[in-house]
1. Whenever you get a sec, compute what percent of the accessible area on the stretch A:79-216 sits on carbon and sulfur atoms (1.4 Å probe).
2. Using just the Cα positions, wrap the stretch B:84-217 in a convex hull and report its mean projected area in square nanometres, one decimal place.
3. Rounding to the nearest 20 debye, state how big the charge dipole of the stretch B:129-237 is about its Cα centre with +1 on each Lys and Arg Cβ and -1 on each Asp and Glu Cβ.
4. Over all pairs of distinct alpha carbons, what does the Kirkwood formula give as the hydrodynamic radius of the stretch A:1-66, in Å?
5. Between A:122, A:100, A:149, find the one with the highest GNM mean-square fluctuation for chain A; connect C-alpha pairs within less than 10 Å.
6. Measure off 7 Å from each Cα along the Cα-to-Cβ vector at residue A:45 and residue B:13, then give the distance between these two points in nanometres to one decimal.
7. Would you work out the Kirkwood radius for the stretch A:30-134? I mean one over the mean of 1/r across all pairs of different Cα atoms, in Å.
8. Along each principal axis of its Cα atoms, how long is the protein assembly as shown end to end? Whole angstroms, biggest number first, please.
Amino acid sequence: MDVIIDNLPLYWEGFLRTLFLSAVSGVIALLLGTVLAAARVSPVAALRGFSMTYVEILRNTPLTIAFFFAAIVLPRLGVKFEQFEVAAIIALSAYTAAFIAEAVRSGVNSVPVGQAEAARSIGMKFSQVLNLIILPQALRTVIPPLINILIALVKNSSVAGAFFVLELFGYGRQLANSNGDQVLAVLLGVAFFYLLITVPLGILASTVERKVAIVR
Amino acid sequence: MSSVLYDVPGPKARRVSLIGSVVGSLLILGLLAWIISTLAQQGIFEGRRWAIFTRADVWSLLGNGIGATLSAAAVAAVIAFPLGLLLCLLRISDLPAIRIPTRIVLEFLRGMPVVLMMFFVLLVFGTNQFIAVVAGLVLYNAAVFAEIIRAGIQSLPKGQREAGLTIGLTSFQSRMMIELPQAVRRMMPSLVAQLVVLLKDTSLGYIVAYGELLRAVQVMADFLGTQFLFPIFFVAAAIYIAINICVSRIAVWIERRGSKKAAGGVAKAEPAAVETAAK
């Protein structure tokens with residue numbers, strides 16, 4: 001136990017960096033994912049095709065491959081980063097955006113056809129139908145799955161620890177190496193800090209699910 | 001669905017859409033051309049760099065990597081599924097003394113990064129890398145399988161269990177003979193989708209130095225020289241993605257096949273879609 005208390009500042013720093021990575025990648029992925037979902041339902045065939053290809057490839061790419069690409073292959077190709085956090089954020093947000101796009105799209109599909117028909121029959125344009133009628137309803141059904149994706153994002157950010165970013169898992173590895181006799185305590189400490197993020201988010205997801213559920 | 005969002009396009013809208021498509025395609029092609037020309041300036045497309053794929057030892061190393069990836073995934077899946085069934089039965093037990101601790105364990109396992117569990121097993125139990133990778137995958141995926149099957153059992157009509165109990169089956173018999181078979185069938189698409197996640201997560205073995213596909217890439221790049229990093233990485237990533245897309249397609253196929261069947265077949269797996277949405 002002493003090893004956790006002695007190294008509390010390191011844990012705290014790792015915890016904050018994990019939060020930072022997750023928050024920045026989460027915001028980028030939400031924006032990119034929504035744009036991809038909108039492209040997927042748009043009338044322009046090229047956008048639909050691009051969005052579909054992106055989602056299909058990224059969803060089937062292991063996260064470690066995405067990280068390997070961003071952190072090790074990209075610098076070899078001449079894309080240099082000041083900090084490895086940038087590579088981690090690129091990998092995490094590109095990967096998560098694909099899942100968010102799928103979730104938003106299935107949310108759009110869950111809105112009954114009659115809603116869109118009614119909106120169009122009173123003379124709304126495509127953008128109005130999407131912005132005023134479909135998306136507000138779709139977002140409600142989408143919020144619980146989105147929170148689950150964000151939980152996965154927090155857990156996924158641990159991969160960054162293996163690619164030169166010192167976040168929670170990265171510090172955990174370092175501490176485990178320097179305190180070989182107290183590995184159990186060190187790693188349980190890391191686990192505790194992850195649960196500190198994921199468990200409240202999970203409770204939030206199920207609360208929101210009950211609150212915003214639309215009975216159809 | 002998407003066609004309901006807008007009118008059947010008239011001549012003007014078709015023209016706008018066509019222009020949009022052309023401009024969009026040009027932008028995407030331009031981006032691709034820029035990437036390719038940047039890569040070409042780095043000398044990525046020199047034949048010498050790709051000539052290594054004519055060597056048998058490169059392919060045998062890649063093959064070893066694929067074998068290590070697939071064997072870890074297969075062993076983990078075979079252990080995780082029965083364990084998931086067991087955890088599910090404990091999780092829905094009538095006895096709070098069994099149900100509540102199981103729930104806490106499941107929440108704990110699902111809230112944990114898989115790589116942390118692999119690392120934990122590796123260091124605390126001092127196992128070899130293969131066992132650490134498999135153990136991490138088993139712990140996490142058994143918990144997810146348990147939640148998926150639980151969602152399947154809860155989606156069954158109440159009458160199924162009531163009928164089972166009425167004809168004199170015990171609670172356990174009703175679970176095993178009436179509810180589980182239906183729940184597993186219903187949740188087949190989600191279960192197969194989770195298999196894709198499991199397969200993808202074997203790449204985390206790279207982090208604990210298990211000799212899977214990505215580790216093989218790293219080893220070859222270190223050994224042959226970094227100028228070969230990109231070609232080897234490209235081929236390995238393509239193999240990984242191709243395998244995953246195949247398994248994903250199987251999931252979609254099972255879902256389609258199921259939805260054609262009448263009631264009692266595979267139903268839409270809404271609740272579990274949440275569980276497997278990410279990762």
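The values are calculated or read from the model by the stated rules, or taken from the named source; none is laboratory data. These figures come from a predicted structure and were not determined experimentally. Positions of Cβ are generated from backbone atoms using ideal geometry, with glycine treated the same way; all protein chains shown enter the neighbour counts. Accessible surface is based on the protein model in full, side chains and every heavy atom, while ligands, DNA and RNA are left aside. Shrake-Rupley method; radii C 1.70, N 1.55, O 1.52, S 1.80 Å.
1. Carbon with sulfur: 62 percent of the solvent-accessible area.
2. 9.0 nm²
3. On the way: 8 positive and 6 negative charges, 85 e Å.
Charge dipole of the stretch B:129-237: 400 debye, to the nearest 20.
4. It is 14.8 Å.
5. A:122
6. According to this spin-label approximation, the distance is 1.6 nm.
7. For the stretch A:30-134, inverting the mean 1/r across all distinct Cα pairs yields 15.5 Å.
8. 68, 63, 47
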